[in-house]
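Remarks on the structure that follows.
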Amino acid sequence: MKYWWVNQNQTFTQEVGGGYLWSPKTRRNGARSYFYDAMTFVEPGDLVFSFKDTLIQAIGVIQGTGYESPKPEEFGTTGEYWSEFGWRVDVTYTVLPASDRIRPKGMIGQLAPLLPEKYSPLRFNGDGIQSVYLTEVPGSMADVLLNAIGQPALGIRDVARHLDPEVQRKKAEEAITHAIERSTIEETTRKALVAARVGQGRFRADVLVVEPRCRITGVEDQRLLVASHIRPWHRCPENEQRLDRFNGLMLTPTFDRMFDRGLLTFEDNGDVHVAPSVTTSVVHRIGLDSHQNVGRFREEQQSYLDYHREHIFRQSA
């Protein structure tokens, strides 16, 4: 579980009422922003603190990863300079009773040593930073906030901790599939995107051109190979990534499952890493060498591998 902070001074009513977060993809000048990119880093089951008018007024449980979406009509004239297309994340919010809302500035003595070194939502004097939208906060800082709010917040965290990640993943995939099927995308591409969810269709054929055999075992029999997304289908913020041949590997089923669950990953140079939770005996039985190298990956694959190491493998580990 990760913890996030969102500043919703302008859009609290719309976002909390509608059950979502929404941001542009870039700043007004076209430059990328961590606070918008963070919309594509959230995971189902993460918690988000909703900050408005100097108070934490609600707590949300993230229901899926970020996906492309038009700016909500209910924003009206709010954010007139924002682009018409951005990132959306589905969230289940609990609005806190007035008596349980906390003012972080009033407890900055506790929070200041715990603020993130980069992309902090607060200054050291406790003032909010207006340019921040969504940012991750350390677990230690989240613990202080949750305990200050009390049982309502701790109860929400307990519920989130018991969410089944596979159920949440399927819900996210189904929501994205529904959005694709309702979109104005050309029909052939729509079908290709839906088929790519399970490693089939055009995606599989294109990946085989780049990766004609299992990276680990060298097996070439296509009947025994699974086309696996490096950055998972439901975590791709853009449809182009869902179909990108460089966002795929061919793996035999055991290694596909390990890679998909974050129990195994690769360095750009081909070094294989196995999660500490996989015992040495299992590693030997499935035929892995503790120092195995599967050959350097193409430059176009490396950003996807970086995402897998940081957000899939590291989270599992």
The listed residue being surrounded by 15 or more Cβ atoms within 10 Å (Cβ to Cβ) and under 17 Å from G60 (Cα atoms), out of I149, I216: I149
Neighbours by Cβ (under 9 Å, 6+ apart or cross-chain): first from the stretch 274-287, within 12 Å of L264 (Cβ to Cβ); second surrounded by 11 or more Cβ atoms within 10 Å (Cβ to Cβ) and not hydrophobic (A, V, I, L, M, F, W, C): V274/T265; A275/R261; A275/G262; A275/T265; A275/S316; S277/S316; I286/T254
With criteria (1) within 22 Å of D158 (Cα to Cα); (2) touching a Phe, Trp or Tyr at 6+ places or on another chain (Cβ under 8 Å), S23 comes up short on (1)
So E238 fits all but one of (1) of a type outside the set (A, V, I, L, M, F, W, C); (2) out of contact with any Pro (no Cβ under 7 Å at 6 or more places or on another chain); (3) without any contact (Cβ under 8 Å) to a residue 24 or more places away in the chain; what number is the exception? (3)
Condition test on E74, is it more than 14 Å from N7 (Cβ to Cβ), touching a Phe, Trp or Tyr at 6+ places or on another chain (Cβ under 7 Å) and not hydrophobic (A, V, I, L, M, F, W, C)? no
Within the stretch 67-99, the count of residues that are among the charged types (D, E, K, R) and touching a strand residue (DSSP E or B) at 6+ places or on another chain (Cβ under 9 Å) comes to 5
Across the stretch 157-205, what is the number of residues that are among the small types (G, A, S), touching a Lys or Arg at 6+ places or on another chain (Cβ under 9 Å) and outside any helix (DSSP H, G or I)? 1
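We did not get these values from a lab; they are worked out from the coordinates using the rules stated. A quick note: this is a predicted structure, and the numbers were derived from the prediction, not measured. Please note: Cβ atoms are built from the backbone with ideal geometry, for glycine as well, and neighbour counts cover all protein chains shown.
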